[in-house]
Amino acid sequence: MDVTKTPHYESALMDDNHAKWINGKPSKALVVMKSGVETTVNALKSLSTWMNEKYPYVTIYVESSIVPKISELGFRFEEYEPDVHKKSIDFIITLGGDGTLLRASSLFQEKIPPILSFSMGTLGFLLPFDFKNFKNVINSFINDNFYVMYRMRLGFTCHKANGDNMNIDMKTAMNEVTIHRGHFEHLTTLNTYINDQILTTVVADGLVVSTPSGSTAYSLSAGGPLMHPALESTVITPICPRSLSFRSIVLPIDAMIKLELSKQSRGYTTLVADGMYLGKLSFGDYISIKSSEHPIPCITLNATRINWVNKVNQMLKFNQTFSSSNFVRA
């Protein structure tokens with residue numbers, strides 16, 4: 001293994017995003033997991049013990065909140081310190097559900113290493129691997145038998161009415177950015193701009209700006225369309241709008257979206273990204289949203305990327321009628 005240079009992967013776009021490692025094999029892995037769950041802790045122990053033996057040159061990092069739960073389990077690991085280790089992590093392993101992948105995304109607001117996402121028994125659109133197959137998956141990944149599917153993210157900045165930046169640490173979202181009236185009892189009023197042109201002023205509970213990956217989450221519940229994650233588009237979906245003529249709008253990847261809390265609104269709104277509360281918007285405050293320059297490289301083991309159609313049918317029971325369900329009476 002060449003340890004004099006930093007290993008990185010290189011994908012060949014003309015070959016269905018098949019990828020390989022350059023300058024040696026990956027040697028630093030960050031494990032992101034759901035804390036406080038016994039099955040996940042046991043999974044981490046199994047994975048780490050095996051990797052310590054099979055790939056002893058790979059250092060496994062875990063977040064500080066996990067360390068007290070695993071310090072006596074007998075495998076080698078190091079505590080992850082973002083300021084020290086972030087730029088040197090070669091790949092990420094997530095153990096949990098879709099929320100764990102969103103957590104990993106939030107840790108890397110700019111460039112993010114490739115991610116191996118393992119399901120721990122929970123259903124999820126974002127999880128290509130079952131944990132019981134972790135040995136085969138990791139062997140294939142380290143030995144250049146893998147593909148990369150890039151999931152776009154949203155980049156956003158928040159501003160006060162006078163144009164000053166709001167002090168918000170998070171600036172990238174994998175699923176969606178949401179403006180919602182929160183606990184305020186009245187509908188909110190939002191001025192919506194596309195590329196600096198006014199589109200409409202919407203009176204609603206709020207708006208969801210979603211990626212294709214997020215189209216199966218909050219946006220879908222609000223009436224938005226299903227979108228394949230390989231698409232590079234953004235969708236705006238109103239949440240319970242007063243006007244029934246406002247339907248979801250799908251925009252190209254280079255569209256700049258601006259959402260401003262109108263002075264006609266009757267109160268503040270809350271700002272949420274990927275399920276994380278970021279703060280409140282007052283009259284005249286606005287958020288600018290566009291496609292991030294740093295998509296998430298999600299690892300798969302085949303050129304078809306993910307079996308999206310199968311997930312839609314199994315998880316959403318897409319277009320299944322009562323006659324094809326268990327609700328049919330004898």
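Candidates are the residues of the range 137-147 that are out of contact with any Lys or Arg (no Cβ under 7 Å at 6 or more places or on another chain) and in a loop (DSSP other than H, G, I, E, B); the one that is surrounded by the most Cβ atoms within 10 Å (Cβ to Cβ) is Asn145.
Within the range 209-224, the set of residues being without any contact (Cβ under 8 Å) to a residue 24 or more places away in the chain and crowded, with 24+ Cβ neighbours inside 10 Å comprises just one member, Ser215. When Lys171 is tested against (1) under 20 Å from Thr211 (Cβ atoms); (2) of a type outside the set (Ser, Thr, Tyr); (3) touching a Ser or Thr at 6+ places or on another chain (Cβ under 7 Å); (4) buried (at least 18 other Cβ atoms within 10 Å of the Cβ), exactly one condition is not met: (4).
Would you mind finding the one in Ile306, Ile289 that is surrounded by 16 or more Cβ atoms within 10 Å (Cβ to Cβ), modelled with pLDDT of 85 or more and aliphatic (A, V, I, L, M)?
Numbers: Ile306 fails: modelled with pLDDT of 85 or more.
Result: Ile289 is the single residue among Ile306, Ile289 that is surrounded by 16 or more Cβ atoms within 10 Å (Cβ to Cβ), modelled with pLDDT of 85 or more and aliphatic (A, V, I, L, M).
Restricting attention to the range 244-285, the residues being buried (at least 18 other Cβ atoms within 10 Å of the Cβ), charged (D, E, K, R) and over 14 Å from Cys158 (Cβ atoms) number 1.
Any chance the range 91-98 includes a residue that's out of contact with any strand residue (DSSP E or B) (no Cβ under 8 Å at 6 or more places or on another chain) and modelled with pLDDT of 90 or more? The answer is yes, given that some residue of the range 91-98 is out of contact with any strand residue (DSSP E or B) (no Cβ under 8 Å at 6 or more places or on another chain) and modelled with pLDDT of 90 or more.
Would it be correct to say that Val148 is outside the structural domain of Met256 (by the TED database) and of a type outside the set (S, T, N, Q)?
Spelling it out, Val148 is indeed outside the structural domain of Met256 (by the TED database) and of a type outside the set (S, T, N, Q).
Taking the conditions (1) under 24 Å from Pro7 (Cα atoms); (2) outside any strand (DSSP E or B) in turn, Tyr150 satisfies each one other than (2). Candidates in the range 245-287 are the residues that are among the small types (Gly, Ala, Ser) and under 13 Å from Ile168 (Cα atoms); of these, the one that is nearest to the chain's Cα centre (by Cα) is Ala273. In the range 35-50, the residues that are on the phi > 0 side of the Ramachandran plot form Cβ pairs under 8 Å with partners that are not β-branched (Val, Ile, Thr), at six or more places apart or across chains, as follows: Gly36/Lys69. Tell me, yes or no, whether the range 225-232 has at least one residue that is farther than 19 Å from Lys258 by Cβ, surrounded by fewer than 19 Cβ atoms within 10 Å (Cβ to Cβ) and of a type in the set (Gly, Ala, Ser). Checking the range 225-232: at least one residue is farther than 19 Å from Lys258 by Cβ, surrounded by fewer than 19 Cβ atoms within 10 Å (Cβ to Cβ) and of a type in the set (Gly, Ala, Ser). Please verify whether Ile198 is in a strand (DSSP E or B), in the same structural domain as Met276 (by the TED database), at negative phi and free of Cβ contacts under 8 Å to residues at least 24 places away in the same chain, treating the condition exactly as stated. Answer is yes for this residue.
The values are calculated or read from the model by the stated rules, or taken from the named source; none is laboratory data. Remember, it's a predicted structure, so these values are computed and weren't measured experimentally. Heads up, the Cβs are rebuilt from the backbone with ideal geometry, glycines too, and the neighbour counts pull from every protein chain shown.
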